[in-house]
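Note sheet for the following structure.
The values are calculated or read from the model by the stated rules, or taken from the named source; none is laboratory data. Quick caveat, the model's predicted, so the values are computed rather than measured. Methodologically, a virtual Cβ is constructed for each residue, glycine included, from the backbone with ideal geometry; neighbour enumeration extends over all protein chains shown. Accessible surface areas use protein heavy atoms only, side chains included; no ligands, DNA or RNA. Shrake-Rupley method; radii C 1.70, N 1.55, O 1.52, S 1.80 Å.
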Amino acid sequence: MVLYMLVRNLSFVKIHISFVLCWLVLITGGSGLSQAHEIRPALMQFEASQTQPSTLNITLDMTAEIFLSDMDIAALTDTDDSDKSDEYDRYRAVSAAELAQQVRAGWLMLAAQIFVENGGVRLPLSLGDVTVETGLDKSQARQTKIQFTAAPLNADKEVVLYWASALGPLIVRQAESVTSSEPLYAVYLAAGEKSDAISLSSPVEVAMLDVVRRYLHSGFVHIIPRGLDHILFVLGLFLFSLSGRVLIYQISLFTLAHTITLALSSLGIVRISGQIVEPLIALSIAYVAIETIWAKGRFSLQRAILITGFGLLHGLGFASVLADFGLPNAQFLPALISFNIGVEMGQLAIVAPLYLLFLWQRPSARFYRFAIQIPASIGIAAIGLYWTAERLGWLVF
């Protein structure tokens with residue numbers, strides 16, 4: 001009753017003040033959140049050397065702190081979930097020059113976990129340059145570029161690349177040829193998965209079913225477990241109303257919108273920097289949650305336009321996942337559709353069980369609003385605001 005009377009008398013301004021207070025609480029009392037880093041797949045790009053025909057040149061972009069801390073990330077989405085997180089944070093605190101030195105010192109251990117097979121024979125690896133990304137905010141995980149070679153290479157035989165499952169997911173990409181700007185081969189590999197047998201002289205023909213399987217998987221894991229920001233946005237849509245019809249309207253608009261920008265971005269028609277998109281996605285999470293409280297479940301044209309606009313924005317976020325390994329020209333539509341279906345399956349896996357639960361329990365409108373909708377929306381909005389500030393580099397701890 002007390003909560004009911006409090007919320008009923010809140011004005012629009014007071015609601016916004018409550019979100020600001022939640023945000024301040026998160027900033028002052030949740031400094032641990034600033035050290036939480038999403039684990040992203042590493043990228044391994046390779047090409048046959050033009051100057052040394054028997055050598056394969058390889059560039060690996062990875063979060064070196066994960067390897068140096070001996071962290072097993074095969075089943076993790078965030079480094080804070082590991083018992084090696086303190087060691088990881090210690091490596092994050094060192095300078096770029098010192099981190100590069102640590103990578104060089106640990107190269108033999110890393111090389112032992114990287115497999116480059118040529119005609120079924122594992123090739124020895126030799127370290128080249130190590131470059132650590134600089135100029136980032138402390139809240140961002142830096143990437144380390146490690147260049148190495150594999151030799152002696154028989155260019156007439158196919159190569160297979162992969163690494164130890166403990167190092168997590170890996171994108172393997174063959175550098176584009178002189179006559180094409182498209183990678184000859186690109187694939188997302190789950191932890192411990194091997195690449196196809198790759199020809200160095202011609203594009204690899206990947207089976208249609210394999211394309212569908214891999215892009216379905218990459219779309220799904222971008223939501224569960226790696227897409228917490230998109231999960232919170234979908235939860236914001238779900239919390240808006242107990243009506244199944246309203247939920248279908250919202251999810252349909254969101255799906256249609258992000259499908260459009262995902263396709264346009266994948267085709268190269270629309271390109272917007274992630275430094276702009278990611279803070280806006282975080283802000284969209286907060287805005288949808290705030291409006292969920294203010295609109296009180298009344299679905300309107302304004303809400304429809306809002307969801308469509310934010311869906312277009314989230315589509316650009318989904319497209320960034322495909323940017324590293326791209327979409328094959330020969331199977332562009334099956335790959336794009338499969339990835340999008342994977343995303344929808346991830347969203348459905350979040351929404352469907354919750355809807356069925358509420359359908360079974362049938363909470364009263366008052367209980368739902370004041371015990372579930374408002375508290376959950378406040379929490380989502382606070383997290384969205386926190387992420388917005390973090391992605392803009394406003395938080396320094």
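Confirm whether LYS157 is touching a strand residue (DSSP E or B) at 6+ places or on another chain (Cβ under 6 Å), part of a loop (DSSP other than H, G, I, E, B) and either surrounded by fewer than 19 Cβ atoms within 10 Å (Cβ to Cβ) or of a type in the set (D, E, K, R) (or both). Taking the combined requirement at face value, the residue satisfies it. Scanning the stretch 270-299 for residues that are β-branched (Val, Ile, Thr), open to solvent by 10 Å² or more (accessible area, probe 1.4 Å) and under 22 Å from the mean Cα position of the chain (by Cα) gives VAL270, ILE272, ILE276.
Looking across the stretch 103-122, just one residue is more than 14 Å from THR149 (Cα to Cα) and surrounded by 17 or more Cβ atoms within 10 Å (Cβ to Cβ), and that is VAL103.
With respect to the conditions (1) among the β-branched types (Val, Ile, Thr); (2) within 20 Å of SER201 (Cβ to Cβ); (3) at pLDDT 90 or above, THR63 falls short on a single one, namely (2). If the condition is being open to solvent by 40 Å² or more (accessible area, probe 1.4 Å) and among the aliphatic types (A, V, I, L, M), then the stretch 83-99 contributes ALA93, ALA97. Do we have any residue at all in the stretch 233-248 that's more than 30 Å from GLN50 (Cα to Cα), among the basic types (Lys, Arg) and in a helix (DSSP H, G or I)? Yes: the stretch 233-248 contains one or more residues that are more than 30 Å from GLN50 (Cα to Cα), among the basic types (Lys, Arg) and in a helix (DSSP H, G or I). Would you pick out the residues in the stretch 46-61 that are under 19 Å from the mean Cα position of the chain (by Cα) and open to solvent by less than 10 Å² (accessible area, probe 1.4 Å)? Scanning the stretch 46-61 gives a single hit, LEU60.
Which residue pairs have Cβ atoms under 7 Å apart, sit 6 or more places apart or on different chains, and have a first residue in the stretch 275-291 that is farther than 15 Å from PHE238 by Cβ and of a type outside the set (Gly, Ala, Ser) and a second that is open to solvent by 20 Å² or more (accessible area, probe 1.4 Å) and outside any helix (DSSP H, G or I)? Hits for this filter: PRO279/LEU392.
Would a scan of the stretch 262-269 turn up a residue that is in contact (Cβ under 8 Å) with a residue 60 or more places away in the chain, assigned to a helix (DSSP H, G or I) and under 19 Å from ARG226 (Cα atoms)? Checked against the condition, which is being in contact (Cβ under 8 Å) with a residue 60 or more places away in the chain, assigned to a helix (DSSP H, G or I) and under 19 Å from ARG226 (Cα atoms), the stretch 262-269 yields at least one hit.
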